[in-house]
Amino acid sequence: MKIFISADMEGISGVATNQQLKTNSEYQRFRKLMTQDVNAAIEGAFFGGATEVVVADGHGNMSNILIEDLDPRARLICGNNRVMCQLEGLDDSFDGIMFVGHHGRENGSERTVISHSLAGICVNEIKINGHIVGETEMNALVAGYYNVPAILITGDDAYVKEVQKTLPDIEAAVVKRGIDRFAAELLHPVKAQELIKEKAERAVKKAKDIPPLKVEGPVTFEIEFKGPNQALMTTTLPTVKLIGPRTITFTCDDIVTAYKHMWGCVIIAMTATNGVLGSVNA
Ligand SMILES: [Zn+2]
């Protein structure tokens with residue numbers, strides 16, 4: 001039984017503010033905690049019957065997990081030039097996907113900790129076929145294309161509540177209570193990791209009974225960016241239509257193609273934030 005873990009950082013045990021995730025001495029502490037939370041999920045997964053675990057580091061530069069401290073039974077996908085973004089390495093050979101340390105969407109609950117949708121610098125809202133989605137729901141739909149059910153989330157209580165509207169059968173480890181976007185009441189990491197382990201074990205045991213999240217037919221994305229400069233530059237792609245000063249849309253035949261397309265648009269939008277050639281010294 002093969003399990004994929006998408007690991008993010010905002011929902012990791014002990015994290016309450018953005019400063020803890022920046023490259024400074026604080027960040028080094030939280031990388032360690034991220035690795036420990038992931039290890040708790042790996043341990044629970046093996047207890048539950050997993051025989052193989054692949055972890056994809058999905059936060060920031062996607063190189064946060066300390067491989068030397070990672071459970072040696074797992075393999076790690078690290079580094080950020082990835083066509084499939086947070087889901088690089090996922091395919092139909094997996095039996096379940098876990099989201100460890102994830103967070104709520106931009107403009108969702110006012111209490112979800114460090115909420116954003118993929119790239120806080122440029123994305124305001126993402127809709128798939130008219131429904132507003134956060135990263136977890138979007139990733140779960142991609143996993144559904146491969147018939148892989150979303151089986152576990154870990155993070156703050158408001159994030160869990162948000163995701164359970166779309167994924168009612170998912171197991172959840174609530175490791176903190178969101179107070180504000182930059183404040184939380186935290187469980188001690190030892191307690192939080194016990195909980196993650198227990199829920200991961202249960203999630204793997206019931207994975208077969210959790211239906212994958214599916215979207216059939218052509219998939220239409222609508223992305224509202226924060227600035228018109230970000231939206232306009234994505235129209236360099238012939239598939240993209242501008243439908244408002246800051247909003248674009250495109251349609252693809254399936255969710256995997258659409259997800260890659262979305263990521264391409266977000267990459268363009270990020271680089272357009274301060275002028276696409278702003279940092280080029282050629
Ligand atoms: Zn993140």
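Data for the structure
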quantity	calculated
Elements of type helices (runs of 4 or more DSSP H) contained in segment 151-241, each with 1 or more residues being assigned by TED's automatic domain parsing to the domain that holds Phe47 and farther than 18 Å from Met9 by Cβ	157-164, 189-205
Complete set of residues in segment 4-14 that are open to solvent by less than 10 Å² (accessible area, probe 1.4 Å), within 16 Å of the ligand (Cβ to nearest atom) and not acidic (Asp, Glu)	Ile5, Ser6, Ala7, Met9, Gly11, Ile12, Ser13
Residue check for Ile77: away from the ligand (no atom under 16 Å from the Cβ) and within 15 Å of the chain's Cα centre (by Cα)	no
Qualifying positions in segment 250-282 - aliphatic (A, V, I, L, M), closer than 17 Å to Glu106 by Cβ and open to solvent by less than 20 Å² (accessible area, probe 1.4 Å)	Met262, Val266, Ala269
Checklist (1) touching a residue at least 24 places away in the same chain (Cβ under 8 Å); (2) within 14 Å of the ligand (Cβ to nearest atom); (3) open to solvent by 10 Å² or more (accessible area, probe 1.4 Å) applied to Met1, failing item	(2)
Selection within segment 41-65 - under 18 Å from Leu187 (Cβ atoms) and under 18 Å from the mean Cα position of the chain (by Cα)	Ala41
Every residue from segment 114-129 that is open to solvent by 60 Å² or more (accessible area, probe 1.4 Å) and more than 14 Å from the ligand (Cβ to nearest atom)	Asn129
Segment 95-113 residues that are within 12 Å of the ligand (Cβ to nearest atom), paired with ones that are of a type in the set (Phe, Trp, Tyr) (beta carbon under 7 Å, 6 or more apart)	His102/Tyr159; His103/Tyr159; Gly104/Tyr159
Pair list, Cβ under 8 Å, 6 or more apart: segment 231-249 residue surrounded by 15 or more Cβ atoms within 10 Å (Cβ to Cβ), other residue assigned to a loop (DSSP other than H, G, I, E, B) and among the hydroxyl-bearing types (Ser, Thr, Tyr)	Ile248/Thr235
Every residue from segment 119-172 that is more than 26 Å from Asn61 (Cβ to Cβ) and among the acidic types (Asp, Glu)	Asp157, Asp169, Glu171
Pair list, Cβ < 6 Å and 6+ apart or interchain, from segment 209-220 residues that are among the hydroxyl-bearing types (Ser, Thr, Tyr) to residues that are part of a loop (DSSP other than H, G, I, E, B)	Thr220/Asn129
Any hit, segment 96-107, residues being open to solvent by less than 10 Å² (accessible area, probe 1.4 Å), more than 14 Å from Ser6 (Cα to Cα) and touching a Gly at 6+ places or on another chain (Cβ under 7 Å)	yes
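Here's the yes/no breakdown for (1) more than 16 Å from the ligand (Cβ to nearest atom); (2) farther than 28 Å from Asp95 by Cβ; (3) part of a helix (DSSP H, G or I):
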site: Ala16; (1), (2), (3): no, yes, no
site: Leu33; (1), (2), (3): no, no, yes
site: Asn39; (1), (2), (3): yes, no, yes
site: Phe47; (1), (2), (3): yes, no, yes
site: Val54; (1), (2), (3): yes, no, no
site: Asn64; (1), (2), (3): no, no, no
site: Asp71; (1), (2), (3): yes, no, no
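Conditions tested, residue by residue: (1) of a type in the set (Gly, Ala, Ser); (2) under 30 Å from Val148 (Cβ atoms); (3) under 22 Å from the mean Cα position of the chain (by Cα).
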{"site": "Glu224", "(1), (2), (3)": "no, yes, yes"}
{"site": "Met233", "(1), (2), (3)": "no, no, no"}
{"site": "Leu237", "(1), (2), (3)": "no, yes, no"}
{"site": "Val240", "(1), (2), (3)": "no, yes, no"}
{"site": "Asp254", "(1), (2), (3)": "no, yes, yes"}
{"site": "Thr257", "(1), (2), (3)": "no, yes, yes"}
{"site": "Trp263", "(1), (2), (3)": "no, yes, yes"}
{"site": "Ile267", "(1), (2), (3)": "no, yes, yes"}
{"site": "Thr271", "(1), (2), (3)": "no, no, yes"}
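The values are calculated or read from the model by the stated rules, or taken from the named source; none is laboratory data. Worth saying up front: this structure is predicted, and the values here are computed from it rather than measured. Every residue, glycine among them, receives a Cβ derived from its backbone with ideal geometry; neighbour counts consider all protein chains shown. Note: accessible area is taken over every heavy atom of the protein model, side chains too, but ligands, DNA and RNA are not part of it. Shrake-Rupley method; radii C 1.70, N 1.55, O 1.52, S 1.80 Å.
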